[in-house]
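The block underneath contains the structure these notes are about, expressed in structure tokens.
The values are calculated or read from the model by the stated rules, or taken from the named source; none is laboratory data. This is a predicted model, so every value here is computed, not measured. Cβ placement follows ideal geometry from the backbone for every residue including glycine, while neighbour counts extend to all protein chains displayed. In case anyone asks, the SASA skips ligands and DNA or RNA and just uses the protein heavy atoms, side chains included. Shrake-Rupley method; radii C 1.70, N 1.55, O 1.52, S 1.80 Å.
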Amino acid sequence: MKKLIIFFTAALIFGCTGDFGDVVDFKEVENPNLSEASVVGQPNSATIWLSGLERQLALVFQETLILAELGSDNYVNTQTFFNQFMDGLAIQITDPDMRDTQRDIQRLRELAIFGINEVGPGDPNYDAETEAEFNYFEGLAYLFSGMYFSALPAEPVGVPVTSEQHYLNAISAFDTAIAINAKPEYHLAKARANYYLGNQSGAVTAATAALALDNSFDRTVRFDESNGPSNTFEDALYERATFDDLQPLPTLDFLDPKYSFLSPNEDAPVHYMKAEEAYLILAEAALADNDIASARTNLTSLLDLIATREVRSIDDSIEQRSQVDEGSRPDDSSIVVNGRSGLVLSRQDGNVDIPSVSGTSLTADDIAAMQDDDAGLELLYRTRQEVFIAEGIRLVDMGVKLVIDENEILLNENINEGDPGTVAVIPSFIAAVVSDLDAINYEPGSSVATTVIDLNEVLIANKSSDQVVPFE
């Protein structure tokens, strides 16, 4: 009934205003700064368009990071103005964050396609590197569609396609980029798509190719602190100061805040395609093949790489680790969490050292003792969680998918409420522990804290599910 009302209203608008196409036709805009001719066919327009794609990618991360991190067990939202539903995985089609996330990913795709088809070919200074980047960004749009949605249109008002098809579309786009001008992040993006498809051989081949080009690469999305878009998640973790009540699990305390103040003009970047991921994919594949020696080798290389990454010394003394009541969360380095020490920092004793790219509690001794069993796989997933904290990966590893937003459902004749993609995907073993994802046991002043569950144990216990642990 809603769809009928929307269509009837649209018909009235069209009847009153004439051909609606005249209103939105890019070629009919009179402002010379906004016309198609002001972009297409102009020297260096492809480079400028590429800058626009980088900006749009920042907007994508503004949306995805908040939703993905709150929905995971990484953080609990105690009293911020950010999304109030994702902590409990209440994923609703009416949530405006679903709308904005979907639209920003789709805008990234359409901008990339327009760059490939129109802007690039019309630029007399168009080069192979920019062409490859356009294809890479198109691939990223498909990759994020597959990571965060179970089904989503791959074209304006199109028929929703499955996450698996989005991954395949992403691989095709990345292959095109690689053929034009190969970069390690192109191969890694392809490896990630294959990883979530469960294509172990494809993921291993692509991850290996990425490291062969550069074994320490790090592609970032950058943010403009003064003019925007800024890093919204940095605001949530650090810049809001005493209103910073987005709290990590105590097991991840030593990694928070991953983003902190950088400069008045530039916000902290997100390291979204980095060599660490390739080593983790290779290690997981080795465990799946019962090759513990290769798994240990790749994790040792991972530790060596992490040791070279930036660690920022910051003043985080304003952080009280409070959950409404002062001192209600662990905030002293003497506190032991789940039987492990060194996970919590004393933020009142001076500056703290926080990894800004990658950090982990994994040690060389852990690697030496690791076996190709469930305990070894749990250790690897704990390491994935640590390395990728605040990067939007954990929710995907949990097998959770967002929903197509209500506006798309109402206006796209190919979609009806209840269709695939309009209902959240939450694996049953995740739904069973939603209330405990961020829960901890801790008495203020105590020297011991525990998490109510260890989600890595839950994931590995359900490794036979096709929703998680893709190589099993």
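Restricting attention to region 221-242, report how many residues are within 20 Å of R55 (Cα to Cα), among the basic types (K, R) and at pLDDT below 90.
Qualifying residue count for the region: 0.
Just one of the numbered conditions (1) in a helix (DSSP H, G or I); (2) within 21 Å of E133 (Cβ to Cβ) is not true of T208; which one?
Condition (2) is where T208 drops out.
Which residues, counting only those in region 57-75, are modelled with pLDDT of 95 or more and outside any helix (DSSP H, G or I)?
Scanning region 57-75 gives S72, D73, N74.
Please specify each residue of region 282-310 satisfying the condition of being hydrophobic (A, V, I, L, M, F, W, C), under 25 Å from the mean Cα position of the chain (by Cα) and exposed (fewer than 15 other Cβ atoms within 10 Å of the Cβ).
Result: A307, single match.
Are there any pairs, at least 6 apart or on different chains, whose C-beta atoms fall under 8 Å, with the first in region 162-181 and buried (at least 18 other Cβ atoms within 10 Å of the Cβ) and the second assigned to a helix (DSSP H, G or I) and among the basic types (K, R), and if so, which?
A170/K190; I171/K190; F174/K190; I178/K190
So which residues in region 417-451 are at negative phi, open to solvent by 60 Å² or more (accessible area, probe 1.4 Å) and either in a strand (DSSP E or B) or not hydroxyl-bearing (S, T, Y) (or both), if there are any at all?
Within region 417-451, E417, P420, V423, A432, N441, E443, P444, V448 qualify.
Under 7 Å between Cβ atoms, which residue pairs at least 6 apart in sequence (or on different chains) link something in region 303-331 that is within 11 Å of P355 (Cα to Cα) with a partner that is among the acidic types (D, E)?
I306/E276; V311/D353; S313/D353
Please go through region 76-92 and pick out each residue that is under 27 Å from N169 (Cα atoms) and either at pLDDT below 95 or buried (at least 20 other Cβ atoms within 10 Å of the Cβ) (or both).
If the condition is that a residue be under 27 Å from N169 (Cα atoms) and either at pLDDT below 95 or buried (at least 20 other Cβ atoms within 10 Å of the Cβ) (or both), then I91 is the only one that fits.
Taking region 222-281, which residues are open to solvent by 10 Å² or more (accessible area, probe 1.4 Å), without any contact (Cβ under 8 Å) to a residue 40 or more places away in the chain and of a type in the set (D, E)?
D235, E239
Hey, among D405, D438, D419, which residue is over 30 Å from P156 (Cβ atoms), in contact (Cβ under 8 Å) with a residue 24 or more places away in the chain and among the charged types (D, E, K, R)? Talk me through it step by step, then tell me what you get.
Values: D405 fails: over 30 Å from P156 (Cβ atoms); D419 fails: over 30 Å from P156 (Cβ atoms).
Just one listed residue meets the conditions, D438.
Go through region 351-392 and give me each residue that's hydroxyl-bearing (S, T, Y) and part of a loop (DSSP other than H, G, I, E, B). Talk me through it step by step, then tell me what you get.
Within region 351-392, the subset hydroxyl-bearing (S, T, Y) is 356, 358, 360-361, 363, 381, 383.
Selection gives S356, S358, T360, S361, T363.
Going through region 398-407 one residue at a time, which ones are surrounded by fewer than 23 Cβ atoms within 10 Å (Cβ to Cβ), within 24 Å of S428 (Cα to Cα) and not small (G, A, S)?
D405
For region 124-153, enumerate the residues that are open to solvent by 10 Å² or more (accessible area, probe 1.4 Å) and over 30 Å from D97 (Cβ atoms).
Residues satisfying the conditions are P124, N125, Y126, D127, A128, E129, T130, E131.
Every residue, every condition in (1) more than 22 Å from the chain's Cα centre (by Cα); (2) among the basic types (K, R); (3) at pLDDT below 95; (4) more than 18 Å from Q385 (Cβ to Cβ), yes or no:
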| site | (1), (2), (3), (4) |
| --- | --- |
| A424 | no, no, no, yes |
| A432 | yes, no, no, yes |
| L437 | no, no, no, no |
| D466 | no, no, no, yes |
